[in-house]
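Trainee: Submitted below is the structure of interest, expressed as structure tokens.
The values are calculated or read from the model by the stated rules, or taken from the named source; none is laboratory data. All figures in this text were calculated on a predicted structure; none of them were measured in a lab. Quick reminder, even Gly has a Cβ in these numbers, built from the backbone with ideal geometry, and neighbours come from all protein chains shown. For accessibility, only protein heavy atoms count, side chains too; no ligands or nucleic acids. Shrake-Rupley method; radii C 1.70, N 1.55, O 1.52, S 1.80 Å.
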Amino acid sequence: MPMRITHSKSSRDAKNYYAFSDYYDAGPSQLKGHWFGRGATLLGLEGEVDKELFDRLIDNKMPFDDERLTARNRADRRVGTDLTLSAPKSVSLLWGVTQDNDILEAVQQAAFETLVDVEQDAQTRVNHERGKMTLERTSNILGGMWIHTTSRPVDGYPDMNLHAHCFVVNATKAKDRWTAVDLSAVVRDSGFYEAVFQSRLASRVGALGYPIERSERDFEIAGISRATIDKFSRRTALIEKIATEKGITDADEKGKLGAQTRDKKSTNLIPQNELPDKWREQLTDAEAAQLNWIASKEADSTAEQITASHAVDFATQHCFEREAVIRERQLLRKAILRGIGTADVDAIRAEVAGREWIQEGYEDQALISTREVLSEEQRLLSFARQGRGQVRPLAENHCIKQDFLSDEQQDAVKGLLSSHDQVQILRGVAGSGKTTMMRETIDAIEQRGRRVTVLAPTAEAAHDVLRAKEGFDAETLASFLIDKNAQESAKDGVIWVDEAALVGTRDMAAVPGSS
């Protein structure tokens with residue numbers, strides 16, 4: 001599950017939700033609230049969260065006197081922001097069945113370490129003359145973190161679900177004063193921080209002796225089947241069911257749906273200390289035996305051994321596939337997820353820092369590229385420039401056959417057919433009728449005796465859409481680039497690449513005649 005970020009303007013909700021955890025006065029120490037951030041240290045707040053002091057911060061007061069914390073104290077002010085970091089379901093499941101509190105410690109420490117990174121992106125807004133405003137880096141936050149162990153109840157009881165609620169109070173120290181914190185950079189890079197957390201958690205869980213394996217998103221405990229995971233994911237299944245019924249597919253909208261449909265924690269009909277037995281009762285004999293084997297810590301990790309160098313190579317290839325310039329954190333995120341379990345965050349950062357990039361900006365603003373990628377892009381641009389006005393029109397006097405085309409669509413078709421440029425681009429938003437215009441244009445070209453080779457970046461687009469639904473003799477760009485006969489047949493004709501925005505610079509540069 002990605003890092004969830006929730007801004008709060010309700011003092012009451014913040015106090016009620018963050019004043020206690022599952023075991024506020026009893027149970028493992030990891031489940032009690034703990035202060036975090038350099039800002040907390042500056043205020044003399046360390047160790048376990050004191051409810052009274054936390055409430056004072058929520059009310060925008062200094063923790064040990066009645067002075068205001070920050071200058072602005074409007075009734076609708078943002079009181080803070082909840083950053084929620086969640087463990088993979090199999091990690092939660094393993095803890096739920098074994099009650100190994102070392103797993104809780106792993107989640108807590110991975111969250112603390114990630115918050116240190118998050119803190120570096122803390123900023124505040126500075127107003128200048130004539131209404132000019134800039135963001136100033138402060139690199140300090142303060143807040144309380146609680147580890148929660150369950151999801152919301154479904155049918156009277158919850159499933160295990162380890163997650164860290166990290167509540168960042170809306171305050172940061174800027175030089176000699178406290179002011180509102182700006183977390184826009186954290187929101188923007190939430191995917192990067194999620195990867196950092198998952199990588200650190202994987203390293204800690206692996207160090208405990210539990211086998212891990214990379215998954216599509218992050219990692220799981222090796223040996224726990226998807227069927228077992230799904231059995232204890234009833235809340236997720238419920239949300240997916242409701243989303244399907246409502247036709248909701250967007251991940252953010254599903255998140256909102258989850259908040260709107262959740263049962264209250266008070267609907268839990270089973271005492272907290274009896275939940276592990278309830279969970280164990282649901283295991284088949286085979287599942288119980290498998291979990292006991294994993295808990296014995298004798299199973300070997302199945303994670304492929306990926307070095308930091310290989311992880312960065314992988315990220316470089318994928319990140320620059322469609323873009324010539326990317327944010328450094330985009331590459332870091334991809335490399336961290338690739339190396340999860342074997343190449344840690346620090347090793348990957350060091351590998352990226354040690355490589356030669358063409359770079360602009362630093363830290364969270366850093367943009368990078370490589371000389372190879374920029375050279376390929378430059379060759380493509382040069383080819384397009386040199387081809388301006390250099391060819392005869394494809395079908396200059398063509399009369400539109402599909403008279404239902406709008407004036408704008410007809411103008412686009414005529415523009416393509418009458419152009420003297422060797423490279424042309426037809427650009428339009430989804431639903432603008434590009435495929436219909438494509439049919440009219442290709443028919444006109446072929447009627448004048450020229451062959452049109454239709455290509456697409458994916459098999460789905462080439463075979464399922466263009467070929468099966470639209471009737472074009474389409475192939476994937478990848479198959480075309482390795483088929484010498486197809487390339488020979490395309491000579492002296494026209495190459496039409498559908499959805500070209502999804503094609504990487506390297507592949508586009510490999511198209512015969514494009515460079």
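Trainee: At what distance in nm do the modelled label points of Asp300 and Asp59 sit from each other, each positioned 7 Å from its Cα along Cα→Cβ?
Mentor: Rounded to a tenth, the inter-label distance reads 6.1 nm.
Trainee: Restricting the count to DSSP beta bridges whose residues both fall in the chain, what percent are antiparallel, rounded to a multiple of 5?
Mentor: Percent antiparallel among DSSP bridges in the chain is about 85.
Trainee: Output the Kirkwood hydrodynamic radius of the range 335-474, Cα pairs only, in Å rounded to one decimal.
Mentor: That comes to 19.2 Å for the range 335-474.
Trainee: Among Thr150, Ala303, Trp35, whose Cα sits farthest toward the positive end of the charge dipole of the chain (+1 at Cβ of Lys/Arg, -1 at Cβ of Asp/Glu, about the Cα centre)?
Mentor: Positive-most Cα among the choices belongs to Trp35.
Trainee: Report the extension gain between Asp483 and Asn292 in nm, rounded to one decimal, defined as 0.36 nm multiplied by the number of residues separating them, less their alpha carbon distance.
Mentor: 63.5 nm
Trainee: Normalised radius of gyration for the range 299-393, please: alpha carbon Rg relative to 2.2 N^0.38 Å, two decimal places.
Mentor: 1.41
Trainee: Measuring from label point to label point, each 7 Å out along Cα→Cβ, what is the Phe112 to Ser184 span in nm?
Mentor: 3.3 nm
Trainee: Are there trypsin sites (Lys or Arg not before Pro) in the range 437-515 that DSSP marks as loop and that have at most 15 other Cβ atoms within 10 Å, and which are they?
Mentor: For trypsin sites (Lys or Arg not before Pro) across the range 437-515 that sit outside H, G, I, E and B with at most 15 neighbouring Cβ atoms in 10 Å, the list reads Arg448, Arg450, Arg451, Lys469, Lys491.
Trainee: Using a probe of 1.4 angstrom, how much of the accessible area of the chain is carbon and sulfur, in percent?
Mentor: 47 percent
Trainee: Take a quick pass over the range 377-515 and tell me how many lysine pairs come in under 26 angstrom between Cα atoms, counting only ones 8 or more apart or on separate chains.
Mentor: 8
Trainee: Leaving out ligands and nucleic acids, note down the accessible area per residue over the chain with a 1.4 angstrom probe, in whole Å².
Mentor: Averaged over the residues of the chain, the accessible area is 52 Å².
Trainee: Let me ask you something else. Loop by DSSP (not H, G, I, E, B), at most 15 other beta-carbon atoms within 10 Å: where is the longest site-free stretch of the chain for GluC sites (Glu not before Pro)?
Mentor: 68-215
Trainee: Please give, to one decimal in nm, the separation of the simple spin-label points placed at Gln378 and Glu274, each 7 Å out from Cα toward the Cβ.
Mentor: It is 7.3 nm.
Trainee: Given a Förster radius of 22 Å and the C-beta distance between Arg427 and Arg506 as r, what FRET efficiency does 1/(1 + (r/R0)^6) yield to the nearest 0.05?
Mentor: It comes to 0.55.
Trainee: Expressed as a fraction of 2.2 N^0.38 Å, the rule-of-thumb size for a compact globular protein of N residues, what is the C-alpha radius of gyration of the range 51-103?
Mentor: Rounded to two decimals, the normalised Rg is 1.84.
Trainee: Among all stretches of the chain without exposed chymotrypsin sites (Phe, Trp or Tyr not before Pro) (DSSP loop, at most 10 other Cβ atoms within 10 Å), which one is longest?
Mentor: Here the longest segment lacking exposed loop sites spans 1-361.
Trainee: Test of understanding: what is the full-extension gain from Glu321 to Asp100, defined as 0.36 nm times their sequence separation minus their Cα-Cα distance?
Mentor: Value of the extension gain: 75.3 nm.
Trainee: Residue separation times 0.36 nm, minus the C-alpha to C-alpha distance between Glu52 and Ser11: what's the value?
Mentor: Fully extending the segment from Glu52 to Ser11 adds 13.4 nm.
Trainee: Same structure again: Taking amide hydrogens as modeled 1.01 Å from N in the peptide plane, which residues meet the under 5 Å criterion relative to Val494, leaving out close sequence neighbours?
Mentor: Answer set, sorted by chain and number: Arg451, Val452, Thr453.
Trainee: Classify the chain as rounded, prolate or oblate, taking a ≥ b ≥ c as the square roots of the eigenvalues of its Cα gyration tensor: rounded when a/c is under 1.5, otherwise prolate if a/b is larger than b/c and oblate if not.
Mentor: It comes out prolate by the Cα gyration axes.
Trainee: So, one more: Nearest 0.05, what FRET efficiency do Thr458 and Arg355 give at R0 = 30 Å with Cβ-Cβ as r?
Mentor: After rounding, the FRET efficiency stands at 0.50.
Trainee: Amide H of Thr370 versus every other amide H placed in the peptide plane: which residues, excluding those fewer than 5 positions away on the same chain, fall under 5 Å?
Mentor: Distant-sequence amide H within range of Thr370: Ile358.
Trainee: Per residue of the chain, what 222 nm ellipticity follows from adding -39500 (n - 2.57) for every DSSP H run with n ≥ 4, rounded to the nearest 500?
Mentor: -12500 deg cm²/dmol
Trainee: To continue, here is another question. In debye to the nearest 20, how big a dipole does the range 303-441 give about its Cα centre with +1 on each Lys and Arg Cβ and -1 on each Asp and Glu Cβ?
Mentor: Dipole of the range 303-441, to the nearest 20 debye: 400 debye.
Trainee: With +1 assigned to the C-beta of every Lys and Arg and -1 to the C-beta of every Asp and Glu, and no other charges, what is the dipole magnitude of the chain about the Cα centre in debye, to the nearest 20?
Mentor: 1340 debye
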